[in-house]
Structure formats: C-alpha cells, structure tokens
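What follows is a single structure, written as structure tokens, with notes after it.
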Amino acid sequence: MDEPCLGASAVLPNERRVLLNRLCALATVGLASGSATLAACGGGGGGGGGAGGIAALVAAPAPGASPPPAPAPAPAPAPSPATTPAPAPAPEPEPAPAPAPAAPALGAHDLAFNLDGVSSPSLSISAIDTQASGSTLLVCVGRGLLAASLPTDNAGNSFVPLGMPHTYTLWPSSGTALYGCVQAHGRAGHVLTAEKPKVTDETTLSVVEIINGGAVRDVQWREVLSGQSLTSASVTTTGPALLVAWWWGDAGVDLDKTAVPGDGFTVIDSVLASGALVQCAVASRQVDAAGTYNVTWTSTPPQGAQLWLAAVQAA
C-alpha cells in the first residue's frame, strides 16, 4: 500500500515541473515578441498548488516603443486684418476772396458856356460817349442868375443836389451848384443839359464822368475872398477815389484869367476868357489810398473864388 502513495507523490512534482517549464517557455516567447510581460513567475516547494501559483500576463507596450504623438493643436485663428480708418474728409476750401472793385477813373467830360445876352432856353454840352453802366456823373453849374434847376440828359438819368447852391459874396444874385447821379446809365452821344430860367443868362455847365464810380464819398464847398489862399475844404476817402475840383473865380469881366491847381490835380476843362461869363476851371486827381485831401489854386488877376471838391469811390 505504501508504494502507490510514493508513486503518486513522485508523479505530482514531475507534472508541476512540466507545467512550470511550459509557462516559462510561454514567457520567453512573449518577451521575444514584445507583446507581453511576465509579472510574476511563482513556484516553489511549499507554494499553493495547481494553477493558483502562476501569475497572469499583462499586456504592455514593447520596450523602447515611443508613445503615439499627441495630436497637433488646432492653429490659432488668423487675426482679422486691422481695419484702416477712413481718412478724414478734406476741409472745405476757403472761399476765394471777392475781387477788389476797380479803382475809379476819369471818364468822358466836357464844359459849355453862354455869354450874358445869348438867348437860349437851355445850355447843353457837346455829345460825349459814356460807359453803359457803372459810372457816376457830376454836373456843376454856374449862373448869372442862380436858380435851383436840376440838370437833365438823354439817357433817362435823375440828378440830385450835392449840397446847397451857393451865391457869391461879390455877386449876390449869381452862384453855383453841384449835382450828381451815381450808377448812371450811359450811352454814345450822351448829352447833358441845364435849363436857363432867364434865356439870356450867362451860364456855364461842367460835366465829369467817373468810371467805376458808385459812391460820392464826400463833397465840400468853400468860398475864399481875394487876398486869401485859394485852398479848398478837405474831403476824406476810405480807399481809392477820383477827386474832382471846381474853381469859380469872382473877378469882373475884364482881362483873361488863369487858374492853376496844385497838390497833384490836373486841369481837364476851363473857360477863362474875358467877358460877361461865369469863369470856371475843372481839375481832377486820382488817389490810391484812404486819406484826407484838398487843393490849393493859384489864379490871376488876384481874386476870390468858390471852390468845390468831390471824392467819388467805387460802390
């Protein structure tokens, strides 16, 4: 009975060795293939019997293998292009300054006279050609018998007195007056006329056109008696102007007369002969700047005079 027992105990260790050898072979194969790792290879004389002494295989990556790469991060969104601000609108250009008005200048002019005793209901200048528009007309009249009679013309203009008529100290019934029309209508063959309330009266008529006129800026009158300086009253301008001066001498009928202006004035018309007439000299001066102006006359024979001075500027 003892031998079977011994035989059985001898067989059991052999089976265990065979099984252990197989497990070790499997482990070797796994190591060679890199597909498994032996976590434990138990055995031993007093360990638990059967399959309970064999450690399980655990799957693991092959030694030295790199882990799979992490996915690349999504590219950052491209920044939106910077918005270029719209340029500021260009400032409105400054309006061009209005052109300066043309300076007043001497235009057409004439003088006519009747001796005392010449019978005519009126006195007219010879026809002149005046600007169609934009001119100022000045009309100065000397009479043996002063009358407040406005001049007329053939262009439909209306004239107004520039100041009061004035009598001579030496000839109280005689005198002078000045009239004007700004922005007058002009024409070719322009004729201006002074009525003669007494048809045989001595009368002198002076007409002056100021081109580019439009404003009679100042008018002054002064009478100077013989023996005093024949200096006019002063006029004041605010810019370029044409100055027109009249000398009406008070000497008697004898002898021819002279009348010469200073201060940059030039005679443009005159009647200075002896005889029963109203003697007159007309002068002008163009000035380029604002200022105060007058004129001094020199005359022969010694005498006094009525002195008119007018300043005409552009409108």
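Need a quick list: strands (runs of 3 or more DSSP E) entirely within the range 81-147 having at least 2 residues that are polar (S, T, N, Q) and within 20 Å of Ser270 (Cα to Cα).
Numbers: elements: 105-114, 122-124, 135-143.
Qualifying strands (runs of 3 or more DSSP E): 122-124.
Conditions (1) charged (D, E, K, R); (2) touching a residue at least 60 places away in the same chain (Cβ under 8 Å); (3) closer than 28 Å to Gln279 by Cα, marked per residue:
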residue: Ala90; (1), (2), (3): no, no, no
residue: Pro95; (1), (2), (3): no, no, no
residue: Ala102; (1), (2), (3): no, yes, no
residue: Asp116; (1), (2), (3): yes, yes, yes
residue: Thr130; (1), (2), (3): no, yes, yes
residue: Gly134; (1), (2), (3): no, yes, no
residue: Ala147; (1), (2), (3): no, no, yes
residue: Ala177; (1), (2), (3): no, no, yes
residue: Val191; (1), (2), (3): no, yes, yes
Being modelled with pLDDT of 95 or more, in the same structural domain as Tyr168 (by TED's automatic domain parsing) and not in a strand (DSSP E or B) is the requirement here; does Ala273 meet it?
yes
Here is a check on your reading of the model: is Val253 part of a loop (DSSP other than H, G, I, E, B), loosely packed, with under 14 Cβ neighbours inside 10 Å and in contact with a Gly (Cβ under 7 Å, 6 or more places away or on another chain)?
yes
What do you reckon, is Leu170 part of a strand (DSSP E or B) and either in the same structural domain as Val191 (by TED's automatic domain parsing) or among the acidic types (Asp, Glu) (or both)?
no
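The values are calculated or read from the model by the stated rules, or taken from the named source; none is laboratory data. Predicted model, so just to flag it, every value in this text is computed and none were measured. Glycine gets a Cβ as well: all are built from the backbone with ideal geometry, and neighbour counts include every protein chain shown.
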